[in-house]
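> Once you've had a glance at the structure underneath, I'll fire off some questions.
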Amino acid sequence: MSIDINNIPAGNESRDDSAISARTDNVSFAETALRLGGKTAEEARRTGVVDTADDQVEEMFAERRRTTASPIHRAVWENRVPVEEFHFDVPALGSDERKVINDCLHVARSHLRGGTLYGEDGKLSDDVLGQLADAGYWGTLVDKRYGGCGLPFSHFAPFLTRMATIEPTIAGLASVHGCIGAVDPVRTFGTAAQKERYLPLLASGRRLSAFALTEPGAGSDLTALKTTAVLDGDSYVVNGEKLFITNAVPGRTIGLVCRIDDRPAVLIVDLPEQEDETFRMNQYGLYALRRAHNNGLIFKDFRVPAENLLTPEIGDGLTIAYHGLNLGRIALCANAAGTMRSMLASMLPWAGFRKTHPHAKTVGAVIQNTRHRSQHIGTVLQQSRPLFQV
Ligand SMILES: Cc1cc2nc3c(=O)[nH]c(=O)nc-3n(C[C@H](O)[C@H](O)[C@H](O)COP(=O)(O)OP(=O)(O)OC[C@H]3O[C@@H](n4cnc5c(N)ncnc54)[C@H](O)[C@@H]3O)c2cc1C
């Protein structure tokens, strides 16, 4: 749909359909729709900024890979389900890639069996993270020329499903590091020099990474970002606070979303090995991934080399953020599918064993009910596969 933003009534005034004519390129669909729906110009603008970042990511893909060409989009808008499009030609795996996958699963499985997955703090131990590094886990999405194994995403996602059946936090960290952390921003938006410098470190696990976007006043509303980076000589001086950052501890590398000259930007930041007067952590005991660290980060006149700025050809820092978040969304589904398989596997024996009701008829009903639920979960799992095998 194309819309002329200049003719849209403000506030709750009645809508004039003649206003829907020519699209103005720099106004997103969401902003226009919200204004038509009666939201204030400021509310519409803020949501529009985020929607625009999504659109800019879309522009980076070939026509056939855009959201509008996806089977789900077509099912909704063409009023038919293009079943044939749910079948993908998945490239065959080479022996190197198979070895990385099997070695990584073996590391996780053997620590699970040995009861040695977690350290005293309840988090995945450094030993586990190190052995996964040796097996090539942190380089699965990094190209071979930078020391990774260059796994196509169509294999990465089902691999995470398998890993999640063993330990969901390990699967989650592959996504944090590879999709939203520093790997995707550098491999997609980095210069040749930035790739040479960072990708080998990230692939080998010598630097594990995280993604620092959210702030105390900027979660859903990313236009409210307050962290700034100001160029001073050959470095940026960063001031601000980040909140809820998964996998962020001293010594890691983060993709830091901040404002530079009042535009969102992404700096690749090596966190110091220890807190100091320029960098502190805020700990609060809240975890999306219970077995991984999650902290707030506070920067005060913290210096980052100017060469660590990522400069996308299209858009700005939010475009970089949304590119990674899109991969992260799929990886999250893959992880959830694995976790559900584990739940189903532990539920079935229990459902067959447990008898709570004295009357046979009721027991029958309970078993029947349990069977239905199990079948339902099995069906959901099966149906969810095309959602992340892209
Ligand atoms: C455990 C955990 C791990 C996380 N890991 C990371 C990470 O690694 N990196 C990172 O950058 N961030 C991370 N996040 C942050 C996460 O992305 C934010 O929590 C999320 O964006 C929501 O922001 P918020 O918490 O500020 O909620 P708010 O923006 O304050 O929203 C609160 C509620 O209000 C609703 N709401 C907000 N605006 C509107 C509106 N205009 N209309 C209607 N409803 C609205 C929201 O839907 C929500 O229900 C993590 C969060 C958690 C809890």
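> In segment 217-230, is there at least one residue being among the basic types (Lys, Arg) and either away from the ligand (no atom under 14 Å from the Cβ) or assigned by TED's automatic domain parsing to the domain that holds GLU58 (or both)? Give the derivation first.
Going residue by residue through segment 217-230, those that are among the basic types (Lys, Arg) are 226.
After this cut, where a residue has to be either away from the ligand (no atom under 14 Å from the Cβ) or assigned by TED's automatic domain parsing to the domain that holds GLU58 (or both) as well, the list is none.
Within segment 217-230 (the criterion being among the basic types (Lys, Arg) and either away from the ligand (no atom under 14 Å from the Cβ) or assigned by TED's automatic domain parsing to the domain that holds GLU58 (or both)), the answer is no, since none of the residues qualifies.
> Scan segment 266-293 and report the pairs whose first residue is closer than 29 Å to THR339 by Cβ and among the polar types (S, T, N, Q) and whose second residue is away from the ligand (no atom under 12 Å from the Cβ) and at pLDDT 95 or above, with Cβ atoms within less than 7 Å and a gap of 6+ or a chain change.
Once the first residue is closer than 29 Å to THR339 by Cβ and among the polar types (S, T, N, Q) and sits in segment 266-293, its partners that are away from the ligand (no atom under 12 Å from the Cβ) and at pLDDT 95 or above give ASN282/ILE298.
> Can we say LEU243 is within 16 Å of the ligand (Cβ to nearest atom) and either of a type outside the set (Ser, Thr, Tyr) or surrounded by fewer than 17 Cβ atoms within 10 Å (Cβ to Cβ) (or both)?
Working: within 16 Å of the ligand (Cβ to nearest atom): yes; either of a type outside the set (Ser, Thr, Tyr) or surrounded by fewer than 17 Cβ atoms within 10 Å (Cβ to Cβ) (or both): yes.
When the stated conditions are applied, LEU243 passes them.
> For segment 154-163, state whether one or more residues are at pLDDT below 95, surrounded by fewer than 24 Cβ atoms within 10 Å (Cβ to Cβ), away from the ligand (no atom under 16 Å from the Cβ) and hydroxyl-bearing (Ser, Thr, Tyr).
yes
> Now, a different point. Residue check, THR214 against (1) within 16 Å of the ligand (Cβ to nearest atom); (2) in contact with a helix residue (DSSP H, G or I) (Cβ under 6 Å, 6 or more places away or on another chain); (3) polar (S, T, N, Q), all met but one. Which one?
Of the numbered conditions (1) within 16 Å of the ligand (Cβ to nearest atom); (2) in contact with a helix residue (DSSP H, G or I) (Cβ under 6 Å, 6 or more places away or on another chain); (3) polar (S, T, N, Q), the odd one out for THR214 is (2).
> Kindly establish whether GLU273 is closer than 28 Å to THR140 by Cβ and more than 23 Å from the chain's Cα centre (by Cα). Spell out how you get there, then give the answer.
Numbers: closer than 28 Å to THR140 by Cβ: yes; more than 23 Å from the chain's Cα centre (by Cα): yes.
So GLU273 passes the test.
Rundown of residues vs (1) polar (S, T, N, Q); (2) part of a helix (DSSP H, G or I), yes/no style:
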site: PRO158; (1), (2): no, yes
site: THR161; (1), (2): yes, yes
site: ALA164; (1), (2): no, yes
site: ALA171; (1), (2): no, yes
site: ALA193; (1), (2): no, yes
site: ALA203; (1), (2): no, yes
site: ALA210; (1), (2): no, no
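> Let me ask you something else. Considering GLY255, GLY233, GLY285, which residue is on the phi > 0 side of the Ramachandran plot and within 11 Å of the ligand (Cβ to nearest atom)? Write out each step before concluding.
Values: GLY255 fails: on the phi > 0 side of the Ramachandran plot; GLY233 fails: within 11 Å of the ligand (Cβ to nearest atom).
Answer to the check: GLY285.
> Quickly run through segment 98-129 and pick out the residues that are farther than 26 Å from PRO152 by Cβ and either assigned to a helix (DSSP H, G or I) or in contact with a Gly (Cβ under 8 Å, 6 or more places away or on another chain) (or both).
Across segment 98-129, the qualifying residues are SER110, HIS111, LEU112, ARG113, GLY114, SER125, ASP126, ASP127.
> Hey, can you tell me all the residues within segment 102-122 that are exposed (fewer than 13 other Cβ atoms within 10 Å of the Cβ) and closer than 15 Å to THR140 by Cβ?
ASN102 - this is the single residue of segment 102-122 that is exposed (fewer than 13 other Cβ atoms within 10 Å of the Cβ) and closer than 15 Å to THR140 by Cβ.
> Quickly run through segment 130-153 and pick out the residues that are part of a helix (DSSP H, G or I) and touching a helix residue (DSSP H, G or I) at 6+ places or on another chain (Cβ under 9 Å). Give the derivation first.
First, the residues of segment 130-153 that are part of a helix (DSSP H, G or I): 130-135, 137-139, 144-146, 153.
Of everything in segment 130-153, those that are part of a helix (DSSP H, G or I) and touching a helix residue (DSSP H, G or I) at 6+ places or on another chain (Cβ under 9 Å) turn out to be GLN131, LEU132, ALA133, ASP134, ALA135, TYR137, TRP138, GLY139, LYS144, ARG145, TYR146, PHE153.
> Kindly provide the set of residues from segment 287-301 that are charged (D, E, K, R) and surrounded by fewer than 18 Cβ atoms within 10 Å (Cβ to Cβ), ordered by number.
Of the residues in segment 287-301, the ones charged (D, E, K, R) are 290-291, 300-301.
Listed by number, the residues that qualify are ARG290, LYS300, ASP301.
> When you scan segment 13-38, how many residues do you find that are modelled with pLDDT of 85 or more and over 26 Å from ALA321 (Cα atoms)? Talk me through it step by step, then tell me what you get.
Taking segment 13-38 as the starting set, the residues that turn out to be modelled with pLDDT of 85 or more are 30-38.
Pick out the ones that are also over 26 Å from ALA321 (Cα atoms) and you get 36-38.
Residues that pass the stated criteria total 3.
The values are calculated or read from the model by the stated rules, or taken from the named source; none is laboratory data. Here the structure is a predicted model, which is why all the values come from computation and not from measurement. Please note: Cβ atoms are built from the backbone with ideal geometry, for glycine as well, and neighbour counts cover all protein chains shown.
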